Amino acid sequence: MSEPRRAKQPGLADVARLAGVSNATVSRVLNGSAQVSAARRAAVTRAVDELGYRPNEAARALVSGRNRLVGVLAEDTTRYGFASTIQGIQEAAIAHGLLVTVAVVRTGHADDAREAVDLLLRLPLAGVVGIEFDSPVSRALELLPADLPVASATLMGTHLSGVPHAHIDDEVGARLATDHLLDLGHRTVHHLSVDHPSESGRGRTRAYLDTLERRGAPMPEVIMTGWHPLQAHDATLRALDDGVTALFCFNDDIALGALRALSERGRRVPEDVSLVGFDDATFSQVVSPALTSVRMDFRGLGRAVLEQLVARIEDASAPDDVDLPAELIVRESTASPR
């Protein structure tokens, strides 16, 4: 049996034939040239829509002389914050006719940073976005040529000097979560954090401790766990005692593991223990009880930083930095202590 062949995609010549214009006119319309009459532009647009024509971006780059590829440097592509930020970058890139490629900086070692940067620099880049949630990406950004447009997405109060950035302050989010639980009347708040957190993750814990100190609440030892919900489940079982009435978790995955452990111990949420997550992942709305969480608009962060990069590409002067708010979303998992 013969293998199925892919349907032939319409080409520029097909668009020109249907629109009744030359290939050169189609190219001028697709590249935004003003030297085309309104009637011919409309004819080309109708033909493009009717045929479902999609321009070859590599060919357009050759014709226009403009690179259309954006490189992204990230420490991870699987965790919620990174994946959602990349999704936002891609959404905004599509709107600008740009393509996206991702290079992962796996550790803070200089060789890993250099390898990721070298991978990107082999490509015809329009610019680079760094998802600068931790120092490995910061180190990689420092290796980029000074004349290459760069922007960064950050959760930290600090970022690479001279690089425009879009920022969500997750320390503000940690304060919102801790204040919320104390405002409900809990004597103190316990914190379930992760081993080897990023710099921004360490900032979350600092903000939690600072809030307890500011409010004059007891400061219990931070409960440490791995990144997986099952590890959080086991850590919660080990640390849980009757004195725990409010638990602020490093992220929603960790909260999911804690929720399972509390159920196994017969501790009801929120009647016996109030539980707050972080990130506002999609599943936080559908678990039972629905999880109170700090919303971090990672997709919005990705869209904002891509817009900054485009502004930098089109104008060498640095665009204004963008700050996106962290927001506490109160659902069913928090209540006043009994």
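Here, each number is a calculation from the coordinates, and none is a lab measurement. Everything quoted here is computed from the prediction, not taken from an experiment. Cβ placement follows ideal geometry from the backbone for every residue including glycine, while neighbour counts extend to all protein chains displayed.
Below, the figures for the structure above:
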| item | result |
| --- | --- |
| Peptides ranked, highest mean first, by Cβ atoms within 10 Å: ranges 229-239, 16-26 | 229-239, 16-26 |
| Efficiency of FRET between V286 and D111 - r from beta-carbon atoms, R0 51 angstrom, step 0.05 | 0.75 |
| Long-range amide H partners of T225 with built H, under 5 Å | S193, V194, D195 |
| Long-range HN-HN contacts of A281 with modeled amide H, under 5 Å | D252 |
| Structure-derived Kirkwood radius over Cα pairs in Å: which label, when the choices are (1) 20.8; (2) 21.6; (3) 22.6 | (3) |
| Relative contact order, percent, the chain [alpha-carbon distance under 8 Å, six or more residues apart] | 17 percent |
| Label-point gap, in nm, between R79 and R206 - each point 7 angstrom along Cα→Cβ | 1.7 nm |
| Point-to-point label distance, A38-H228, nm (Cα→Cβ direction, 7 Å offset) | 6.4 nm |
| Note, ³J(HN,Hα) from phi for segment 131-140, Karplus 6.51, -1.76, 1.60, rounded to Hz, x at Gly and Pro | 8, 8, 7, 7, 5, x, 6, 4, 5, 5 |
| By average C-beta atoms within 10 angstrom, highest first, the peptides 201-214, 266-279 | 266-279, 201-214 |
| Förster radius 25 Å - calculated FRET efficiency between E213 and R338 (Cβ-Cβ, nearest 0.05) | 0.45 |
| Cα centroid separation, segment 234-264 to segment 185-224 (Å) | 14 Å |
| Two-site label geometry, E264 and D147: point separation in nm, points 7 Å out along Cα→Cβ | 6.0 nm |
| Phi-based couplings in Hz for segment 249-262 (Karplus 6.51, -1.76, 1.60; Gly and Pro marked x) | 9, 4, 7, 6, 4, 5, 4, 4, x, 5, 4, 5, 5, 4 |
| DSSP beta bridge pairing in segment 201-338, given as percent antiparallel to the nearest 5 | 30 percent |
| Antiparallel %, DSSP beta bridges [both residues in the chain], to 5 | 10 percent |
| Placed amide H near G127: partners under 5 Å, 5+ positions off or other chain | G71 |
| Shape of segment 63-218, Cα gyration tensor, a/c cut at 1.5 | prolate |
